[in-house]
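Chemist: Below you will find the structure I want to go over with you.
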Amino acid sequence: MDVIDEFVPDRAAAQELTKLVEEAGEQPFDVVLPPAEDLPPLLLDLAVPHEDIDELTALVPSRERDPRVWRFLEYCTRLVVSRMGAVTPEVPFPELSPAMGAVRRYFYVYVYLAALPQVRAFHREHGIPDDISRRTVADLGRVLADHRFWYGTGGLDTELASWLTGHFRGMLYQLGRLQFQRVTLGNRTGKAIIAAGQPYGPGDPALAVHVPATYGPMTPAACDRSFAMARDFFGRHFPEEQYDIAVCYSWLLDDQLAEYLPAESNIVRFQQRFQPAYEANEDDATTLRFVFGKVGTDPADLPRRTTLQRAILDHLQAGRHWHGGAGWCLL
């Protein structure tokens with residue numbers, strides 16, 4: 001698999017990807033992308049920002065245009081699809097080499113465009129309503145907007161690309177304001193749940209709750225509706241799986257936020273849904289990225305327009321740190 005060595009500069013990452021691709025083996029479908037002239041309507045359906053459409057259309061790979069890039073695209077697409085429906089960790093997509101050329105920034109977008117027919121077919125097989133299916137895969141566009149918010153340029157970095165594997169292999173679903181992902185309980189959270197006297201522990205099924213940005217206010221009523229949808233959705237479309245526990249790992253669950261925000265704020269009300277599982281490590285960078293964007297900006301240059309922004313910066317200025325949080329609740 002020489003193209004993996006060519007396009008993945010980190011030797012260990014290249015070896016890991018090669019191993020995963022070999023384990024995935026051949027898949028019973030052809031990897032295809034729409035021609036450039038048909039791409040813009042599809043991108044709009046996926047909520048891709050208008051700023052990205054011209055470049056994505058201009059750079060669309062093809063077997064004729066660059067056979068080596070196309071072969072690498074086939075490997076990555078088949079790897080995603082090989083895990084369709086499986087409750088397994090995200091696919092760890094690696095950093096790509098500049099040798100890939102201009103297509104490098106958007107390469108993983110094309111992987112998901114190629115995987116799109118397969119995940120939509122999976123959704124249909126499970127009777128998932130078309131509106132939920134469409135809104136779930138349209139998170140691709142929101143994530144592209146996140147990338148531009150964080151880095152100031154178009155593209156999809158490896159962190160965001162790996163995160164989207166849940167959407168495109170039937171693990172994660174947009175249900176109202178929140179997203180719910182089929183997972184299994186990890187060791188620390190599972191032990192915390194056992195310690196609370198619940199009959200669930202490490203390895204048991206759970207739903208991971210995600211709060212997408214730029215999706216409107218996360219009011220208690222909106223979150224209540226999403227949890228109610230989740231209880232019905234997974235019981236209806238995955239009846240062979242029993243989900244009684246929800247977990248959340250997020251900067252939003254940092255209990256220090258309650259020192260600064262009103263008790264009736266949406267963030268504090270969201271925190272109150274969950275029981276703490278364990279104290280996360282210090283991680284100022286993640287909180288700064290999600291609240292302010294523009295990765296790498298000096299905190300002294302960041303705005304103080306909102307109560308949340310002022311809280312984040314005042315906390316750091318006082319010599320303290322943000323660490324996020326981990327929590328669980330019964331569904």
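Chemist: Determine whether V69 is among the β-branched types (V, I, T) and either surrounded by fewer than 14 Cβ atoms within 10 Å (Cβ to Cβ) or more than 30 Å from P205 (Cβ to Cβ) (or both).
Modeler: When the stated conditions are applied, V69 passes them.
Chemist: Filter the range 297-319 down to residues that are within 21 Å of G152 (Cα to Cα) and either part of a helix (DSSP H, G or I) or polar (S, T, N, Q) (or both), then give me how many there are.
Modeler: Selection size over the range 297-319: 5.
Chemist: Would you point out the residue of the range 3-44, among those that are more than 22 Å from the chain's Cα centre (by Cα) and small (G, A, S), that is surrounded by the most Cβ atoms within 10 Å (Cβ to Cβ)?
Modeler: A14
Chemist: Filter the range 48-62 down to residues that are under 23 Å from the mean Cα position of the chain (by Cα) and exposed (fewer than 14 other Cβ atoms within 10 Å of the Cβ), then give me how many there are.
Modeler: Final tally of qualifying residues: 2.
Chemist: Failed condition for L160, given (1) hydrophobic (A, V, I, L, M, F, W, C); (2) in a helix (DSSP H, G or I); (3) under 19 Å from D45 (Cα atoms), with all others met?
Modeler: (3)
Chemist: Taking the criterion of being part of a loop (DSSP other than H, G, I, E, B) and either in the same structural domain as D130 (by TED's automatic domain parsing) or exposed (fewer than 14 other Cβ atoms within 10 Å of the Cβ) (or both), would at least one residue in the range 242-258 satisfy it?
Modeler: To start, the set of residues in the range 242-258 that are part of a loop (DSSP other than H, G, I, E, B) comprises 242-244, 254.
Add one more test, that the residue is either in the same structural domain as D130 (by TED's automatic domain parsing) or exposed (fewer than 14 other Cβ atoms within 10 Å of the Cβ) (or both), and what stays is 242.
Looking for residues that are part of a loop (DSSP other than H, G, I, E, B) and either in the same structural domain as D130 (by TED's automatic domain parsing) or exposed (fewer than 14 other Cβ atoms within 10 Å of the Cβ) (or both), one finds at least one in the range 242-258, hence yes.
Chemist: Let me ask you something else. Every residue in the range 178-188 that is of a type in the set (D, E, K, R) and either in a strand (DSSP E or B) or assigned by TED's automatic domain parsing to the domain that holds V143 (or both), please.
Modeler: If the condition is that a residue be of a type in the set (D, E, K, R) and either in a strand (DSSP E or B) or assigned by TED's automatic domain parsing to the domain that holds V143 (or both), then R182 is the only one that fits.
Chemist: Listed residues Y278, Y215, Y249; which is among the aromatic types (F, W, Y), farther than 19 Å from Q179 by Cβ and in contact (Cβ under 8 Å) with a residue 60 or more places away in the chain?
Modeler: Y278
Chemist: Limited to the range 189-238, what total is found for residues that are part of a helix (DSSP H, G or I) and either of a type outside the set (D, E, K, R) or surrounded by 14 or more Cβ atoms within 10 Å (Cβ to Cβ) (or both)?
Modeler: Number satisfying all stated conditions: 22.
Chemist: Still on this structure, please answer the following. Pick from R78, R63, R68: which is more than 20 Å from A99 (Cα to Cα) and basic (K, R)? Spell out the reasoning first.
Modeler: On the way: R63 fails: more than 20 Å from A99 (Cα to Cα); R68 fails: more than 20 Å from A99 (Cα to Cα).
Going through R78, R63, R68 in turn, the sole match is R78.
Chemist: Just to be sure, is F274 touching a Lys or Arg at 6+ places or on another chain (Cβ under 8 Å) and at pLDDT 95 or above?
Modeler: In short, no.
Per-residue answers, yes or no, for (1) of a type outside the set (D, E); (2) surrounded by fewer than 21 Cβ atoms within 10 Å (Cβ to Cβ); (3) within 23 Å of the chain's Cα centre (by Cα):
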{"residue": "L46", "(1), (2), (3)": "yes, yes, yes"}
{"residue": "E64", "(1), (2), (3)": "no, yes, no"}
{"residue": "V111", "(1), (2), (3)": "yes, no, yes"}
{"residue": "R134", "(1), (2), (3)": "yes, yes, yes"}
{"residue": "V137", "(1), (2), (3)": "yes, no, yes"}
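Chemist: Only one of these is without any contact (Cβ under 8 Å) to a residue 24 or more places away in the chain, small (G, A, S) and on the phi > 0 side of the Ramachandran plot: G201, G190, G197, G176. Name it.
Modeler: None of the others qualify; the one that does is G197.
Chemist: If you go through the range 52-85 one residue at a time, how many are acidic (D, E) and at pLDDT 95 or above?
Modeler: From the range 52-85, those acidic (D, E) are 52, 54-55, 64, 66, 74; that's our starting set.
Those still in the list that are at pLDDT 95 or above too: 52, 54-55, 74.
Adding up the residues that qualify gives 4.
The values are calculated or read from the model by the stated rules, or taken from the named source; none is laboratory data. As the structure is a prediction and not an experimental result, all values here were calculated from the model. Every residue, glycine as well, gets a Cβ built from its backbone with ideal geometry; the counts of neighbours run over all protein chains shown.
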